[in-house]
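Everything on this sheet refers to the single structure shown next.
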Amino acid sequence: MGSQYLQVDLLTIHNVSGVISQGGVTENSWIKSYLVEYSVNGSDWIFFSDRDGRVQVCSSTLHILQKLQ
């Protein structure tokens with residue numbers, strides 16, 4: 001994976017139930033996979049993981065909405 005990232009400050013604590021991404025005009029500009037991390041304080045980050053603690057790699061913008069559990 002590349003080193004680009006998007007950080008969003010929601011200002012207060014929220015339950016985020018989904019992530020939606022959109023690709024560009026050409027096939028080469030679509031997001032193929034990404035990781036989701038979250039933080040309460042902006043300093044300590046936790047990877048989105050499944051119930052067994054495995055970090056989840058979210059794949060493809062073909063999924064219009066990938067629910068975070």
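Coordinate-derived values only; no laboratory data. Note that the structure is predicted; figures quoted are calculated from it, not measured. Neighbour counts are summed over all protein chains in view; Cβ atoms, including those assigned to glycine, are modelled from backbone coordinates with ideal geometry.
Model label sites at C58 and L35, defined 7 Å from Cα along the beta-carbon direction, differ in position by 1.4 nm.
Length gained on full extension, D50 to I13: 11.2 nm, using 0.36 nm per residue less the C-alpha separation.
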